Amino acid sequence: MSSGSKVNFEQPEEEDDEDMPEDEEFLRRMREKQKYGRRKSVSAEGYDPDKDDEDDDAEERIVNPKSDEQRNRLIAACQKVLLFNRLDKDQFNQVLDAMFEHVCQPGDSVINEGDDGDNFYVIESGNYDVYKVINGDNLKVASYDNKGSFGELALMYNAPRAATVSSVDGGTLWALDRQTYVRIIVRANAKKRRMYEQFLQNVHILQTLEEFERQKVADAMEPKEFEDGEIIIQQGDTKLDYFYFVMEGEVKYVLTDDDDVEKEIKRDTAGGYFGELALIQDKPRAVTVSSVGVTKCGCLDVQAFERLLGPCKEIMKRNVDLYAKELEQVSSKQPAEASSPETSN
Ligand code: 1OR
C-alpha cells in the first residue's frame, strides 16, 4: 500500500444465509475458501495477456468478505466504471469478490508517483486531486469529483505510478489488487486492444501518434452502443465527460437555434469523431449529437483524452474554425457543405 494512506479492511459483518439468497455464487466461494483454507497471495507477477482462458481457473482467486450493505455500495460504484463493462458476469463477480473498502482521510495520498502499483481504485465518494512532477514542480494536473477510477496505468503497463493521487476531503474508495486486475481486466483488455488497434490505425488524426501511443488509446477506449435516435451528446450540456469515435453506424449533428428551431448540420460515419470541441475549449456542448440507426462508438473519458490525445489536440484545434464555418452556414440558412473534420474518413 502506498505510504501515508490509511486503509480500512472492513471486517465482514455476521451474515445470515437467508439474507443473501441471490448471491449464491458468492456464498459458494466463501464456503470453498473456508473449507480449503485458500489464502490470497500477491506476487510480482508478469503477465501474458494472450494466455489461455482455461489457465485462469488454475489461478488463485482472492475473496475479501463483505457485508450486504458493503456489496451493494460496491456494485453501485462499479456500475459506472466502463472498464468493467466488457467483463462477463463471472469475471465481474470475481472482481467484486476481490475488491476491498479503502476509507480515506482528508489529505491522504492514495497513490504516490514513482511507487510500484499495488491496487486499482474505484471512487465511491470524495474528491481526489492528481499531482505530477513536471520540470521539477509538483503540479495539479487533474481531479476526480465523486466518481471515476484511477491507478490502472501502473498495473496495465507494469510501470511506476505516473502521478500522485490524494484525497481532498476524505471519502471511500474500492480497491482491486494487482493480481486480480492483471488476471481478469488486463486479459479481457487484450482482446479489446486488438479490435480497437485495427480501427485506430485508419483514423487520420491519430497518424501522428507512435504505435505504442495508439495502443494506449486502444486500451483506454470503451465501447458504447446507441439505439436509433438516441442522444449521445446534448447541446448546452456542461458535463464534459467523453470523447467519441464512430466505429459503426452513423451520427447526426443538430443545432438548436435561439428560436428553438433545429437544424441538421452534418453526419459522420465510421472513422469520424466528436465531442472534442467542448473538451478542448472547456465550453458547453455546441450541438446535439444523436445516432442514426444503431451506432457503435468507442469513447475516451476526459482524463484519458487529455493524457493520450495531447499530441493530436493541435490538429483537432484546426477543426474549431471549420466548425465555426459550418455553424455560420447553417445559421445563415445556406445548406452546409458535406464537409467534415479532416479526421473523418
Ligand atoms: P497510475 O497507476 O500511474 C496514478 O497511478 C494514476 O493517476 C494513473 O494511474 C491514472 O489513473 C491517474 N497522467 C498520469 N496519470 C493520471 C493523469 C495524468 N490523470 C489521472 N491519472 N494526466 C497527465 C498529466 C501530464 C492528467 C490528465 C488529465
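Across all Cα atoms of region 87-239, the radius of gyration (one decimal) and Dmax (whole number) stand at 17.3, 50 Å.
Legend: Rg and Dmax of region 104-144, from Cα coordinates, 11.2, 33 Å. Structure note, pairs Lys263/Lys296; Lys147/Lys313; Lys224/Lys252; Lys191/Lys252; Lys132/Lys313: Cα-Cα distances above 22 angstrom occur for Lys263/Lys296; Lys147/Lys313; Lys191/Lys252. For region 225-320, chymotrypsin sites (Phe, Trp or Tyr not before Pro) meeting the loop criterion (DSSP other than H, G, I, E, B) and having at most 10 other Cβ atoms within 10 Å: none. Between Asn202 and Asn72, what FRET efficiency comes out of the Förster formula 1/(1 + (r/R0)^6) with R0 = 30 Å and r the beta carbon distance, rounded to 0.05? The value I calculate is 0.10. Computed in the context of the full set of protein chains, the accessible area of region 105-254 at 1.4 Å probe radius has 45% of its extent on carbon or sulfur. Taking the centroid of alpha carbons for each part, region 177-256 and region 93-172 are 22 Å apart. Computed on protein heavy atoms with a 1.4 Å probe, the accessible areas place Asp129, Asp228 in the order Asp228, Asp129, largest first. Under the combined filter of DSSP loop state and at most 15 neighbouring Cβ atoms within 10 Å, region 199-250 retains these GluC sites (Glu not before Pro): Glu210, Glu227, Glu230.
The values are calculated or read from the model by the stated rules, or taken from the named source; none is laboratory data. Computed from a predicted structure; not experimentally measured. Methodologically, a virtual Cβ is constructed for each residue, glycine included, from the backbone with ideal geometry; neighbour enumeration extends over all protein chains shown. Ligands, DNA and RNA are stripped out before the accessible areas are found, and what is left, the full protein with its side chains, is counted by its heavy atoms. Shrake-Rupley method; radii C 1.70, N 1.55, O 1.52, S 1.80 Å.
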